[in-house]
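To start, the structure itself, in structure tokens.
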Amino acid sequence: MSLESVKSKVLDEARARADAKLAEAKAEADRIRAEGKAVDDRAGQEAVRDATLRLERETVRELERIGHDNRLQILSAKNNAIDEVFKRVRDKVASLSDGEYLELVGVWLDALPAEVGGVLRVNPKDEAMFNAGLITLNRNRSGAGQFTGVVADAKVAAGAIVDGPDYSIDCTVDRRLGELRETAVGDLARVLFGA
């Protein structure tokens, strides 16, 4: 369902609920007016005025709640659209060839400071590929900054975690996409929704 159809549906539902609430308020005011005629005219007018004020306050609260609910539904639809963009990126990374995937993770590892090295924790399905590519991954590194081995870790879905002597640096796909989402979500929202 498109964002516009979600907005339209939400607004139509809000209008229907608001119209129903106003009809209830009018019916209640009419009922109270009818009762007011049966009693003292002054007391009836006060009762009608009090009931009308109470109903107006209830109507305003209900309309505010409906507006809040509508904003939440629209925000949820926008977040779902942004989630879909990042799911497609994740799927694209998963479809990379072994060479492209190793090159991508290599770019992330090359961005680490030169003195950062250690063991690479990777998904078990990627262990052999990373072992074979260890020389390439170390091409720009020396001494303590080299990657000394590869260990399989089922907790790593994709990418790598660098375990040094007293640190662990997350270079996983999930972490990188999370960072990208944090920095790009505003720009992405403007592109997708024009806001």
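The values are calculated or read from the model by the stated rules, or taken from the named source; none is laboratory data. On a predicted model such as this, the values are computed, not experimentally measured, just so you know. Here the Cβ positions follow ideal geometry from the backbone for every residue, glycine too, while neighbour counts run over all protein chains shown. Calculation scope for accessible area: heavy atoms of the full protein, side chains included, ligands and nucleic acids excluded. Shrake-Rupley method; radii C 1.70, N 1.55, O 1.52, S 1.80 Å.
Mind checking which pairs have a first residue in the range 127-154 that is buried (at least 17 other Cβ atoms within 10 Å of the Cβ) and a second that is among the aromatic types (F, W, Y) and not in a strand (DSSP E or B), Cβ under 7 Å, 6 or more apart or different chains?
V150/F130
Which condition number in (1) closer than 21 Å to D110 by Cα; (2) at pLDDT 90 or above is the one that K155 fails?
Among (1) closer than 21 Å to D110 by Cα; (2) at pLDDT 90 or above, K155 violates only (1).
Residue by residue, here is whether (1) open to solvent by 70 Å² or more (accessible area, probe 1.4 Å); (2) touching a Pro at 6+ places or on another chain (Cβ under 7 Å); (3) more than 30 Å from G159 (Cα to Cα) holds:
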residue	(1), (2), (3)
A20	no, no, yes
A47	no, no, yes
A51	no, no, yes
L55	no, no, yes
R88	yes, no, no
S95	yes, no, no
Y101	no, no, no
L104	no, no, no
P113	no, no, no
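Condition (residue is at pLDDT 80 or above, more than 30 Å from N140 (Cβ to Cβ) and not charged (D, E, K, R)) applied to the range 27-46: is it met by at least one residue?
There is at least one residue in the range 27-46 that is at pLDDT 80 or above, more than 30 Å from N140 (Cβ to Cβ) and not charged (D, E, K, R).
Within the range 155-175, is even one residue closer than 29 Å to I82 by Cβ, among the acidic types (D, E), free of Cβ contacts under 8 Å to residues at least 12 places away in the same chain and open to solvent by 30 Å² or more (accessible area, probe 1.4 Å)?
yes
Regarding A184, is this residue out of contact with any Gly (no Cβ under 8 Å at 6 or more places or on another chain) and at pLDDT below 85?
So A184 fits the description; yes.
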